[in-house]
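Here the structure is laid out as structure tokens; the discussion comes afterwards.
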Amino acid sequence: MSAASTDSESSAACHPRLVLTNPLRPALLAAARSQRAERSITRMPVTRRIVDRFVAGDTRAAALTSVRELLRHNRFVSIDYLGEDTLDPAQAERVVQEYLRLIADLAELPVGDVEPNSARPLEVSVKLSALGQALPGDGHAVALCNAHVIADAAASAGIWMTVDAEDHTTTDSTLSIVRALRRDHPQTVGTVLQAYLRRTEEDCRAFADEGARIRLCKGAYSEPESAAFRRKREVDASYLRCLRILMRGKGYPMVATHDPAMIEAAALLATAAPRGREDFEFQMLYGIRPAEQERLIGLGQHLRVYVPFGDEWYGYFVRRLAERPANLMFFLRSAAPE
Ligand SMILES: Cc1cc2nc3c(=O)[nH]c(=O)nc-3n(C[C@H](O)[C@H](O)[C@H](O)COP(=O)(O)OP(=O)(O)OC[C@H]3O[C@@H](n4cnc5c(N)ncnc54)[C@H](O)[C@@H]3O)c2cc1C
């Protein structure tokens, strides 16, 4: 398992009330979608070393090595084959095939006996834009069909599938695809909701009523004020409102955050609901806050690590730089000449 981020973790502990915002966030999120910036950043010799803190490797074999290690340390996992925004149907098909191979490999892993209605230790995370959602014309239908193939395979293997959330222009299409998948696979398919979107409280209410499995995150894209809260204070307040709805609802909440305040609130809201430790889980990204992951596991909580792999890591990596000044500073310091 990666030992990254322990440095930033200890500095956060020293200054629990110091909230840093990243003034470069909008520029970095624009760079996450710029081919020119991608060419420059991926060619820098230092980049690879830092990418390895956040990405489990270029290949499925490398990812499976990390997955085995995480399972051995009592983590659940969600594996993401990196890639997004494809405009090539053949590439979308290649992504489907890679997920099918991944699910077949995961099905071979020893995870012990899992009760039919309890949390699955293995999950795949899927971005619909990698499955063709952005193709002109019939992108929505192509993504639905491709996602269905993956959901069928995941259901047969007893593995969960969670549909990631991307920028707000895709949310209607994504949630309608999720609902279609859930009609056939209500136990297998869940989705992500982003607390920074103004619509999300309503979406939480609807999915909580349906008994869906929902990963609640703050949101990682650059969004306009009309669609999203942009101040940290407002995003955090929305996260807490959404969390309360999910904890009181009929579904399975997945609390995806590294924020100590949100983690503490989630534990309190679960107790108040009331909801047992088996009835929700925490989730964190690969390489981030390993000591906090260990602490939560020590408390008997379910903790799932999101494990990205593949060579299309650029957009994911730059979003990680954008969301935390310490990550960006580490990258800039490493890239600076001696
Ligand atoms: C499992 C998972 C899946 C996700 N899936 C999606 C998705 O589908 N779509 C999407 O838009 N976004 C997704 N995200 C990203 C998410 O939206 C946020 O951008 C990201 O998690 C950062 O927000 P945060 O809640 O950790 O808190 P932030 O507001 O970024 O951080 C708050 C506090 O948390 C602590 N903290 C954060 N990072 C660190 C660190 N590296 N080391 C030490 N302390 C730290 C610090 O105290 C910090 O002040 C996902 C996140 C997770 C964990």
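The values are calculated or read from the model by the stated rules, or taken from the named source; none is laboratory data. The model shown is predicted, which means the values in this text are computed figures rather than measured ones. Here the Cβ is made from the backbone with ideal geometry for all residues, glycine too, and neighbour counts use every protein chain on show. Surface areas here come from the heavy atoms of the whole protein model, side chains and all, with no ligands, DNA or RNA. Shrake-Rupley method; radii C 1.70, N 1.55, O 1.52, S 1.80 Å.
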request  = Would you calculate, for the chain, the mean residue ellipticity at 222 nm contributed by helices, counting each DSSP H stretch of 4 or more residues as -39,500 (n - 2.57) and dividing by all residues, to the nearest 500?
outcome  = -15500 deg cm²/dmol
task = Return the inverse of the average 1/r over all pairs of distinct C-alpha atoms in segment 181-323, which is the Kirkwood hydrodynamic radius, in Å to one decimal.
result = 15.8
inquiry  = I need the semi-axes of the equivalent ellipsoid of segment 130-189: take the C-alpha gyration tensor, multiply each eigenvalue by 5, square-root it, list largest first in whole angstrom.
reply    = 20, 12, 9
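Tally Lys/Arg at +1 and Asp/Glu at -1 over every other residue whose Cβ is under 14 Å from the Cβ of E115; what's the total? Don't skip to the end; give the middle numbers.
Working: positive: R120; negative: D113, E278, D279.
That works out to -2.
Hey, got the dipole for the chain? About the Cα centre, +1 on K and R Cβ, -1 on D and E Cβ, debye to the nearest 20?
The dipole magnitude comes to about 920 debye.
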ask   = Listed highest first by mean packing, meaning other Cβ atoms within 10 Å per residue, what order do 157-169, 30-42 come in?
value = 157-169, 30-42
request  = Order these peptides, 144-155, 266-277, by their mean beta-carbon neighbour count within 10 angstrom, highest first.
outcome  = 144-155, 266-277
query = In the chain, with Lys and Arg counted as +1 and Asp and Glu as -1 at Cβ, which of these residues, A227, I159, F330, has the Cα nearest the positive end of the dipole, that is, farthest along it?
reply = F330
query = Cα-based Rg of segment 178-241 per 2.2 N^0.38 Å, rounded to two decimals?
reply = 1.19
query = Of the accessible area of the chain, with the probe set at 1.4 angstrom, what percent is carbon plus sulfur?
reply = 54
request  = Using only Cα atoms, figure out Rg for segment 46-124 and give it as a multiple of 2.2 N^0.38 Å.
outcome  = 1.25
query = Applying 1/(1 + (r/R0)^6) with R0 = 41 Å to the Cβ-Cβ distance of K250 and Q91, what FRET efficiency is obtained, to the nearest 0.05?
reply = 0.60
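Where both partners of a DSSP beta bridge lie in the chain, what percent of those bridges are antiparallel, to the nearest 5? Could the numbers behind the result be given before it?
Numbers: 1 of 33 bridges.
About 5 percent, rounded to the nearest 5.
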Lysines with Cα under 17 Å of K232, excluding same-chain neighbours fewer than 8 positions away = K218
note = Answer check: the chain, Cα atoms, Kirkwood Rh, Rg/Rh ratio of 0.93
remark   = Probe 1.4 Å, heavy atoms of protein chains only: per residue, the accessible area of the chain in Å² is 46
request  = State the extension gain, in nm to one decimal, for the chain segment bounded by D311 and I297, taking 0.36 nm per residue of separation less the distance between their alpha-carbons.
outcome  = 2.0 nm
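Just subtract the alpha-carbon distance of A104 and E202 from 0.36 nm times their residue separation and send over the number in nm, one decimal.
Values: separation 98, 0.36 × 98 = 35.28 nm, distance 3.62 nm.
Result for the pair: 31.7 nm of gain on full extension.
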